[in-house]
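Structure record follows, encoded as structure tokens.
Derivation of every value follows stated rules applied to the coordinates shown; laboratory data play no part. Since the structure is predicted, the reported quantities are computational estimates derived from the model, not experimental observations. Don't worry about glycine lacking a Cβ; one is built from the backbone with ideal geometry, like all the others, and counts go over all protein chains shown.
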Amino acid sequence: MSELIITGLKSSSRVSDEETSSLCFFASESTTSQTFWTERPPGSYSLKIQNLAQLIGEKYHTRGFLVNGYNWRLIIYPKGNEKDNGSGYISMYVEIDSTSEVFAYLTFFVYNKKVNKYLCIHDTQVKRFNALKKVWGSSQMLPLELFNDPKNGYIFEEDKCEFGVDVTIDSTVTNWEIVSFNENFCYPKFFFSVKNFTMLNEHLYFMSNTFSVGGKTWVLRFIRKCFSTLDDKWISIFLHLADNERLLPDERIYTRGHFRVLDPYGSNHITEKFNCWHDQSNSGCGHDKVVSMDKLQEVYLDEEDTLSVAIEFEVISATNYSPINYSAII
């Protein structure tokens, strides 16, 4: 619908000649609205009334019509909406049948058969529809004195008239995300022990039990002799999301904290910090060279050949975002 309004603005002509200037009223035009003529009919909804004089009641509701998946109604006050300072004018509004928050631009149309064009009032300021404000419009669309005189062309063929509206959804706020970096956790630490560590196959990795922190489930991965140098072999530790945690395309989680290889006989713990983003690949984050095998066997294994490791989280991010059709992306 945005293309229709743009086309109408470009193809229409401003009220400038003597013939059309006498048929419109600019009192309602302001810095937030534009009044113009266009040959293009309304794109969202059109209401044609026959025998206008027989319309009883202060207002007329059209049936619902769809624009961008939302249901709308056009509301006409043929004698003006006195409650909205519209006495003596045609008043026009649109109402949304939804409690969702929707931003829309509105253009109201009144047909003039004399010039075979539509007089339009276009709101240049976006309107915010929600549960508290479901109706927006123009209380002073056109003076009744001007509208009711058949010589002016708004009422034609004895007692007919036509109204319309363009509803253009503002898409600038349909895609969003809110990211927060959480620092307070009920249980930020996790401890894990591996018995008979030196007896494990040095070419295989092994996993800790799963644990939950920050609304996500995690697992630690250990590798014996993952990284080798000329003088020694090293223990590697990595943090991964658990297998049951599936990130969507482009979804990421930030983590910051530290690993500790615990000294079973004192307080000479080894501390390594981590700081990374986790994505759909779940490649994890950690360190290849946490502690050498020589030093591990010398200091960090207890009498039962047990390795004890701890992880403590400082920050975990959480992101809320607008619904996205991921099937169209994959």
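Here are a few things to note about the model shown:
- Segments 144-151, 77-84 sorted - mean Cβ within 10 Å per residue, highest first: 77-84, 144-151
- Contact order normalised by residue count of segment 113-259, Cα under 8 Å, 6+ apart, percent: 12 percent
- Reduced Cα scattering model of segment 46-123, Debye log10 I(q)/I(0), q = 0.15, 0.19, 0.22 Å⁻¹: -0.63, -0.99, -1.24
- Taking each of Lys83/Lys134; Lys83/Lys127; Lys83/Lys151; Lys273/Lys295; Lys117/Lys160; Lys79/Lys151 in turn, the alpha-carbon distance tops 24 angstrom for Lys83/Lys151.
- Contour excess over end-to-end distance, with Cα ends at Glu303 and Trp277 and 0.36 nm allotted per residue: 5.6 nm
- Among 234-246, 47-59, the order from most to least packed when residues are scored by Cβ within 10 Å on average: 234-246, 47-59
- Gyration tensor (alpha-carbon) shape descriptor, segment 178-321, a/c threshold 1.5: prolate
- Distance between the modelled labels on Lys189 and Asn175, one decimal in nanometres: 4.4 nm (7 Å Cα→Cβ projection).
- Applying 1/(1 + (r/R0)^6) with R0 = 51 Å to the Cβ-Cβ distance of Gln54 and Asp243 gives a FRET efficiency near 0.15.
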